[in-house]
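Written out below as structure tokens is the structure these notes cover.
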Amino acid sequence: MLVRTSQLPLVAALKNSATQTKYHHVLQKYGFATTIKTPELSKASVTSFPPLSEPIPGLPTPIYSNAKEGKQVTEITTLSNGLRVASENRFGQFFTVGVLIDSGSRYEVAYPSGISHFLEKLAFGSTKSFQDRDDIMLALEKHGGICDCQASRDTFVYAASAERHGLDKVTEVLGDIVFRPRITEEEVNICRQIIQFELETLLTRPEQEPLLMDMIHAAAYRDNTLGLPKICPEGNINKIDRKILFTYLKHHHTPKRMVVAGVGVEHKRLVEAVEKYFVDQKPIWEEDSSLIISDRSKNFVDESIAQYTGGYILEECNVPVYAGPSGLPELSHIVIGLEGCSHQDPDFVPMCVLNMMMGGGGSFSAGGPGKGMYTRLYTNVLNRYHWLYSATAYNHAYADSGIFCIHASSTPSHVREMAEVIVHEMVAMTGALSDSELARAKKQLQSMLLMNLEQRPVVFEDMGRQVLATGERKRPEFFIQAIENTTKDDIIRVARRLLKSPPSVAARGEVRHVPSITDIQAGLLDAQGLLPGSRSRLSLFR
């Protein structure tokens, strides 16, 4: 049975279709549609959830990022006991706070070498307020915190990062580990085992950099300050005990030798917390004088200036090879160093640009072809001599001196040629350089500086080290401009300054054929960088 239905007008059909909105203006243009009245929406809520147009009750007021320069000012306060507090408030939910101390292996001349190595391993152990390391970790983890301790030749750093609301607890932990550690006999014995294991591991690893850096410093600063070993000598492991450690802490971990630095915190809150745990509460060695050695003189801090001497240290041994199919043979390593400058020297920035220009690295780059291939040690050394497996320039700067060195490795049969290549490149630093080479080195250094300062812990360490050394912090813009102002004449001047100093040499592996220090010095004084008895041109295929 068929049923006849009435036909709807075109306009009525379109009103009920999905194309109403899309084509309504077209229909109106040709007179097929009338004005459509949209019914008013009911103001009554259709859901139990709060509207998104209003602040949600019970949630904290949001804080938005602000890029104004005024928000990135380093504030510095000196407390009554001489301790300095420096901070910079930055946007974010987390903060980094730590203690930087004018302490390290360079101050251990009157003590058995290795104390800083011990203290680094004993950090964040039992204290007056925390029973053991687990208690400290639990207290930090409640605020999403992590901690770390690093000891260098001239600076000791304790640091922690956590959520902003945990500032008081983190400062309490730092105050306790710096001024009130217990350092029990059990902890010292465990520390001895850890260091013994580390020394054994260093001798079985193919990477030789930690050992060679200790050796080149020992050669450059013979028996003084920066030349004292950073790695604890094996013979001193059983000599260092609780009393020696507490005596060192009493004389070197004093408020006037410290800076408490914070990034991402309000300065006033940080100062209040530091006064509470670093000023009001006394160090443990002041409460119990039996912890320290009583017959020591009152002033037992080495304040002597580093004396660069130059020197020659060789260690004949078999360097371990990489496990597995690495393709690398047994290598011999050599480091040749010259006296650099301190980080407060006017030539510090040009020296850093020169270091970046020399560059270097391994013969294989995991980043693929072209990565780092523009530096001199790549273009002039690694790309030219197949028997060289690595060549890297280093610039170590300290408060009163510095060392500029090149570390290279090759097969034992080419040890002498390797030394000749390094000496030649050091002499070539005083020669001509192109505009593009200088511009590339400057841009690389500026980029590295700014990219590193994207990380909050790096900003913390930069700020703390600057305030510890000078009492103020120079902004990154200062260094960017100083790098930009570096000229060819500056590079040549600092290179000539380097060559005026006596060389320092450290070598490890099969190093019987390393040239004598007299020959190396003669090569550095030669206009062509040739060692006595060497050929005028090195063979590429020997």
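Please identify the longest segment of the chain free of exposed chymotrypsin sites (Phe, Trp or Tyr not before Pro), where exposed means a DSSP state other than H, G, I, E or B and no more than 10 other Cβ atoms within 10 Å. Don't skip to the answer; put the middle values down first.
Details: sites that count: Tyr30, Tyr64, Phe541.
Segment 65-540 is the longest.
Kirkwood hydrodynamic radius, computed over distinct alpha-carbon pairs, for the chain: how many Å, to one decimal?
Values: mean 1/r = 0.0361 Å⁻¹.
The answer is 27.7 Å.
Report, in debye and to the nearest 20, how large the dipole of the stretch 311-525 comes out about its Cα centre when Lys and Arg carry +1 and Asp and Glu carry -1 on their Cβ.
Working: 19 positive and 22 negative charges, 73 e Å.
Charge dipole of the stretch 311-525: 360 debye, to the nearest 20.
The charge dipole of the stretch 75-287, taken about its Cα centre with unit charges on the Cβ atoms of Lys, Arg (+1), Asp and Glu (-1) only, comes to about 460 debye.
Please give the FRET efficiency for Thr201 paired with Leu52, using the beta carbon to beta carbon distance and R0 = 41 Å, rounded to the nearest 0.05.
Details: r = 57 Å, r/R0 = 1.40.
The computed FRET efficiency comes out at 0.10.
Principal-axis analysis of the Cα atoms of the chain puts helix 20-29 at an angle of about 60° to the longest axis. On full extension, the segment bounded by Ser289 and Thr184 gains 36.2 nm, given 0.36 nm per residue less the C-alpha separation. Angle of helix 348-358 to the longest C-alpha principal axis of the chain, folded into 0 to 90 degrees and rounded to 10: 90°.
Per residue, the accessible area of the chain comes to 52 Å² when a 1.4 Å probe rolls over the protein heavy atoms.
Taking every Cα-Cα distance in the stretch 75-287 and sorting them into 10 Å bins starting at zero, the pair-distance distribution P(r) comes out as 8, 33, 34, 20, 5 percent.
Which value, in debye to the nearest 20, describes the size of the charge dipole of the chain about its Cα centre when Lys and Arg Cβ atoms bear +1, Asp and Glu Cβ atoms bear -1, and nothing else is charged?
Working: 58 positive and 62 negative charges, 466 e Å.
Here the chain has a charge dipole of around 2240 debye.
Taking all pairs of distinct Cα atoms, average 1/r, flip it, and tell me the Kirkwood hydrodynamic radius of the stretch 165-275 in Å to one decimal place. Intermediate results must be reported in sequence, preceding the final value.
Numbers: mean 1/r = 0.0578 Å⁻¹.
Evaluated over the stretch 165-275, this radius sits at 17.3 Å.
Here the stretch 311-525 was treated as a single set of alpha-carbon atoms; its pair distances binned every 10 Å from 0 give 8, 31, 34, 22, 6, 0 percent.
When the expected Rg is taken as 2.2 N^0.38 Å, what fraction or multiple of it is the alpha-carbon Rg of the stretch 211-313? Provide the component values of the computation, followed by the final result.
On the way: Rg = 18.3 Å, N = 103, 2.2 N^0.38 = 12.8 Å.
Compared with the compact-globule rule of thumb, the stretch 211-313 sits at 1.43.
Nearest 10 degrees, 0 to 90: what angle lies between the long axis of helix 456-470 and the longest principal axis of the chain (Cα atoms)? Roughly 50 degrees, rounded to the nearest 10.
The values are calculated or read from the model by the stated rules, or taken from the named source; none is laboratory data. Note that this is a predicted model, so its numbers are computed, not measured. So basically every Cβ, Gly included, is an ideal-geometry build from the backbone, and we count neighbours across all protein chains shown. We work out accessible area using only protein heavy atoms, side chains counted, and drop any ligands, DNA or RNA first. Shrake-Rupley method; radii C 1.70, N 1.55, O 1.52, S 1.80 Å.
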